[in-house]
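The values are calculated or read from the model by the stated rules, or taken from the named source; none is laboratory data. Given the structure is predicted, the values throughout are model-derived calculations rather than measurements. Cβ placement follows ideal geometry from the backbone for every residue including glycine, while neighbour counts extend to all protein chains displayed.
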Amino acid sequence: MATYYLDGTTLTNSTSIFSDVNLSICAPDGFYSDGVISRELSGCVLLPQQVCGTCAQPCDGTINANENQGCFILDIDLGGTNNDTGAVVVTFNPASIPDGIIVTYDGVNYNKLVSAQFGVLQANNNGVPDNSVPTFLGSVNGQGTCSGNSLLGTYTLNEKEYLNGAFVSTGNQQTITITDVGSQLTSARPNNCKLVVPKPQGSPSTMRIQLYGPCGDTAWSLSIDCPTILNSFQGSTVQSDLACHVNPSTTYYHVPITGTASSPALNDMIFIDPNGAIPASDGIINLSGNPHPYIVVQNGVVVNTGNCVPDGYLLVDCITGNQQKVSNSSYPNFDVNDVVQYKIGTPGSGTVRCGTITDKINSQTYDATLDSGVAYACDDTVHCPT
């Protein structure tokens, strides 16, 4: 392997490459790499740096860091074939001392994270998401090692790149000003927070993660899943929890935060595509199951869950034993085991009958109509036929 000489301290901050120690003989034109970045030498001048895709860290790994102040850069190889598609789930645990994160893939920044305890944590400007700056996470009580005991301020940080299992200095610095826009500190440490990067195609294969530790004694952990098609579930958009009788017929996808595979729950991230590119619209989505569960989605995340309000009753006729489905739109306050008066049909007609309510239901079709708001008994010969 040939030996080359730089006119700087690293490949990043050098302007040229030479074949001799006296820096008098320019190295041949071509691409040169230090294992993290690569730069093309053309006419003895180094062109702008590029990510060295073959030098990037593989996905499906975990990195634990205990560092001082700094800007920490990781390039992650996600695979470049047509099979290397799906959602890339990044799990970031900043502990208590504040740390910032921003992920860049295919020219797009991602900084929306979700915590099981605190929900969405994302840099925002007066409530509007801002993906131009890192999102800083940690505990409000963990700012003791920050300048002036506050995360907010301007910091000049030494830049380090992850190479062969350790962070090594690039010789460069980054200056960052942290304001309320980026600060998403919480009352307690947010623990594992998930961030999703969609990868619908094989290329590009490399994703860059930049973490900012402006305070001393920072420590964090980071894991990056390889792109995977998200778990799916069936649901349907409904107008309210009173209209959950619609049969779930639309496929949605989710990243479990408190839920499990195909069973979404509070703070899960909901998408309408398997790559995690398009968040579900705000609203109520009913789910399969009994008693008709639903989720409420806001900003692509489940903010509430519940069971649909039944809009009818299932009853058994006191005489014939036949089952009837009756709407509760007129009399919604009956309970199971109440005996009610009803008539066949919608609207009901003919003889007044009695039946015992056995369940509260949601149905698209009803075959009977309640006739009174008073509960009786099957052996009440005055109000119920014999």
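Of note:
- For Val140, the conditions (1) within 30 Å of Gln49 (Cβ to Cβ); (2) surrounded by fewer than 17 Cβ atoms within 10 Å (Cβ to Cβ); (3) among the β-branched types (Val, Ile, Thr) are fulfilled apart from (1).
- Of all residues in region 251-284, those satisfying the criterion of being of a type in the set (Gly, Ala, Ser) and surrounded by 17 or more Cβ atoms within 10 Å (Cβ to Cβ) are Gly259, Gly276, Ala280.
- A single entry from Thr206, Thr170 fulfils the requirement of being among the β-branched types (Val, Ile, Thr), surrounded by 16 or more Cβ atoms within 10 Å (Cβ to Cβ) and under 21 Å from Ser223 (Cα atoms): Thr206.
- Only one entry of Asn267, Asn275, Asn307 meets the criterion of being more than 17 Å from Asp371 (Cα to Cα), touching a residue at least 12 places away in the same chain (Cβ under 8 Å) and touching a Lys or Arg at 6+ places or on another chain (Cβ under 7 Å), and that entry is Asn275.
- Qualifying residues in region 1-29 (those that are more than 14 Å from Cys44 (Cα to Cα) and of a type in the set (Ser, Thr, Tyr)) - the one surrounded by the fewest Cβ atoms within 10 Å (Cβ to Cβ): Thr3
- Residues that are modelled with pLDDT of 90 or more, among the hydroxyl-bearing types (Ser, Thr, Tyr) and either over 30 Å from Asp7 (Cα atoms) or touching a helix residue (DSSP H, G or I) at 6+ places or on another chain (Cβ under 6 Å) (or both) within region 147-185 comprise Ser150, Thr154, Thr177, Thr179, Ser183, listed in sequence order.
- Test: residue in region 180-190 that is part of a strand (DSSP E or B) and assigned by TED's automatic domain parsing to the domain that holds Gly127: yes
- Checklist (1) at pLDDT 90 or above; (2) buried (at least 22 other Cβ atoms within 10 Å of the Cβ) applied to Cys244, failing item: (1)
- Criterion (modelled with pLDDT of 90 or more, acidic (Asp, Glu) and touching a Ser or Thr at 6+ places or on another chain (Cβ under 8 Å)) met by exactly one of Asp34, Asp84: Asp84
- Residues of region 182-229 satisfying the condition of being within 20 Å of Val120 (Cα to Cα) and of a type in the set (Lys, Arg): Arg189, Lys194
- Region 21-32 residues that are in contact (Cβ under 8 Å) with a residue 12 or more places away in the chain and over 15 Å from Leu11 (Cβ atoms), paired with ones that are hydroxyl-bearing (Ser, Thr, Tyr) and assigned to a strand (DSSP E or B) (beta carbon under 8 Å, 6 or more apart): Val21/Tyr5; Asp29/Ser42
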